[in-house]
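The values are calculated or read from the model by the stated rules, or taken from the named source; none is laboratory data. Fair warning: this is a prediction, and the values are worked out from it, not measured in the lab. Reconstructed Cβ throughout: ideal geometry from the backbone, glycine too, with neighbour counts over all protein chains shown.
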Amino acid sequence: MNVRYYCLNKRILLNKIVHCAALSLMFLMTATLTRGQKATPIQLGDRREIFVDDFLIERMTGVSLRMHAPRNEGPVLYFDEPWEGQFSAYCTIIRDGNLYRAYYRGIPEAGKDGDNMEVTCNAESLDGIKWVKPNLKIYKIGRTLDNNVLLANAAPATHNFSPFLDSNPNVLPDQRYKAIGGLEGSGLLAYVSEDGIHWKRLQEKSIFTKGIFDSQNVAFWSQAEGQYVCYFRTFIQVGSAVFRTVSRTTSPDFIHWSEPVRMGFGDTPYEHIYTQQTSPYYRAPHIYLAIGARFMPDRQVVSAEQAKRLGVQANYFQDCSDAILMSTRGGDSYQRTFMESFLRPGIGLQNWVSRSNYPALNVVQTSPTEMSVYVNENYAQPTAHLKRYSLRIDGFCSVEAPFSGGDLLTKPLIFDGDELEINFSTSAAGEIRVEILDVNETPVSGYTLREADALIGNEIKRVVSWKGGEDLRSLSGKIIRLRIWMKDANLFSLKFNDLKS
């Protein structure tokens, strides 16, 4: 072939490729622009947003999302009564006004799930830190009425009895507390209570049957969805492997439930989710947090000889577990922003046995600046207990900036309110400034980065200001974006406050 002819044809072909690529790029840019123009702004209102997902985030430059490890505050409750024991589990923490309540399964020996040896126990606290076991005198256990058992002879509900404080505005006074419990054979059985101590069956028939249920299944009234929601144990087969997973159902009345939908996990790999502990975050109830137990079957750390020295019951040292953090805003999918462990097992082989490190249900506030999560530890051992871990309020995750600085641009949003509040921390050298942009990403006069006051410190609540002014009423109801510039700082949450409400 003529070399000149070959080169000419090659040049023509190359030009065609470049031309097609350019057209493709233009089409992609046009489509992206069109999508951006048609994108519906987030109706943020005056809701608080925490950074456990990318819901608000359009773009991050030089900053990143970071998950924060809870701080070990030590054991708060030992399962040392004869009717409790080393297989106590499936704990729920509820704050009702100034009283904190812990509910958990008591069973001194490993047995068949749903055995009548299983009872539901209660502990109480005035601060979530120091706990006592009340002498309820409701059931005779062994030869004594002097115990903290609030439900007995109610198998299989006592296997995994899981209560919640019903926030439905139309709830009946004698059903202010509700609970579910049961196994595949029985379905989920419903209980109600006025005081959280004395319980009765809502109805003899189970309220829901389409699940496996051999874990802690959870239910709650969703303020955001205006209905009851239940997350429960199911299984899924992926190739030749079978995984413990989660499904969801909803109900308008706590009795009639929708067809179950299996929860997805985005593009992350399947793992065994033993307990999922999905519940509304008390400061942002439209966001459901799932601080669950990741179970690693047959991942053995402790040898048989070591297990014997620790007093671990036979067959309960050949697996290990840790705690993970997921979130969802309703619907059929969790967002796993972080695959890493939210809470790693502690130092010592006693923390690396089967079914240990299982988080209790719910996060509760335990000081003006602190919230607590609770975790079952030392499972199947004489030292089995519940341990408290603490975090700053809203402090699950944050947007973090290094010393070199960076910024976050939010998606378009519409807010209601008069001022912008943030939860943040900086170093002595760090700072945060907030710029407000209009729908075209043009800085709004009076709220530019140059006019923004530097926010320096470590506060749960600080109102953002520009040249000393905080008033945002003129922008309420309009489409805006926030550009948040940060240096050596962490941003945990933000919220527009409506001072009139």
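Odds and ends about this structure:
- Among residues of region 48-66, those that are in a strand (DSSP E or B) and surrounded by 19 or more Cβ atoms within 10 Å (Cβ to Cβ), counted: 2
- Which numbered condition Y281 misses (of (1) over 21 Å from Y103 (Cα atoms); (2) under 12 Å from the mean Cα position of the chain (by Cα)): (1)
Yes/no matrix, rows are residues, columns are (1) out of contact with any helix residue (DSSP H, G or I) (no Cβ under 6 Å at 6 or more places or on another chain); (2) hydroxyl-bearing (S, T, Y); (3) under 24 Å from V364 (Cα atoms); (4) in contact (Cβ under 8 Å) with a residue 60 or more places away in the chain:
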{"site": "V119", "(1), (2), (3), (4)": "no, no, no, no"}
{"site": "A123", "(1), (2), (3), (4)": "yes, no, yes, no"}
{"site": "D127", "(1), (2), (3), (4)": "yes, no, yes, yes"}
{"site": "K130", "(1), (2), (3), (4)": "yes, no, yes, no"}
{"site": "I138", "(1), (2), (3), (4)": "yes, no, no, yes"}
{"site": "R143", "(1), (2), (3), (4)": "yes, no, no, no"}
{"site": "N147", "(1), (2), (3), (4)": "yes, no, no, yes"}
{"site": "Q175", "(1), (2), (3), (4)": "yes, no, yes, no"}
{"site": "G196", "(1), (2), (3), (4)": "yes, no, yes, yes"}
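- Residue in region 477-498 that is modelled with pLDDT of 95 or more, surrounded by fewer than 16 Cβ atoms within 10 Å (Cβ to Cβ), outside the structural domain of E370 (by TED's automatic domain parsing) and over 24 Å from D54 (Cβ atoms) present: yes
- Test for T275: is it farther than 23 Å from V171 by Cα and in contact with a strand residue (DSSP E or B) (Cβ under 7 Å, 6 or more places away or on another chain): yes
- Apart from one condition, P134 fits all of (1) surrounded by fewer than 18 Cβ atoms within 10 Å (Cβ to Cβ); (2) more than 30 Å from L391 (Cα to Cα); (3) in contact with a strand residue (DSSP E or B) (Cβ under 6 Å, 6 or more places away or on another chain); the exception is (2).
- Of all the numbered requirements in (1) on the phi < 0 side of the Ramachandran plot; (2) within 23 Å of the chain's Cα centre (by Cα); (3) free of Cβ contacts under 8 Å to residues at least 60 places away in the same chain; (4) buried (at least 17 other Cβ atoms within 10 Å of the Cβ), Y228 misses one, and that requirement is (3).
- Region 282-294 residues that are over 20 Å from A224 (Cα atoms), paired with ones that are acidic (D, E) and assigned to a strand (DSSP E or B) (beta carbon under 7 Å, 6 or more apart): R294/D322
- Residue check, N147 closer than 30 Å to K133 by Cα, more than 23 Å from the chain's Cα centre (by Cα) and either small (G, A, S) or surrounded by fewer than 15 Cβ atoms within 10 Å (Cβ to Cβ) (or both): no
- Single residue of S356, S321, S327 found to be of a type outside the set (D, E, K, R) and either in contact with a Leu (Cβ under 6 Å, 6 or more places away or on another chain) or outside the structural domain of N160 (by TED's automatic domain parsing) (or both): S327
- Any hit, region 312-326, residues being over 19 Å from N378 (Cβ atoms) and touching a Ser or Thr at 6+ places or on another chain (Cβ under 7 Å): yes
- Search result, residues across region 430-442 that are more than 23 Å from K500 (Cβ to Cβ) and buried (at least 16 other Cβ atoms within 10 Å of the Cβ): G430, E431, I432, R433, E435, L437, D438
- Checked against the criteria, E204 counts as farther than 30 Å from F338 by Cα and more than 20 Å from the chain's Cα centre (by Cα).
- Any chance I460 is in a strand (DSSP E or B), touching a Pro at 6+ places or on another chain (Cβ under 8 Å), under 20 Å from E49 (Cα atoms) and among the aliphatic types (A, V, I, L, M): yes
- Comparison of A314, A304, A323 shows that the only residue that is at negative phi and either buried (at least 17 other Cβ atoms within 10 Å of the Cβ) or of a type outside the set (A, V, I, L, M) (or both) is A323.
- Scoring E81 on the criteria (1) touching a Pro at 6+ places or on another chain (Cβ under 8 Å); (2) in the same structural domain as Q216 (by TED's automatic domain parsing) leaves a single failure, condition (1).
- Residues within region 414-451 that are in a loop (DSSP other than H, G, I, E, B) and of a type in the set (D, E), tallied: 5
- All positions within region 362-407 that are among the hydrophobic types (A, V, I, L, M, F, W, C) and within 23 Å of the chain's Cα centre (by Cα): V363, V364, M371, V373, V375, L386, L391, I393, F396, C397, V399
- Looking only at region 414-429, and only at residues there that are β-branched (V, I, T) and over 22 Å from the mean Cα position of the chain (by Cα), the one that is surrounded by the fewest Cβ atoms within 10 Å (Cβ to Cβ): I414
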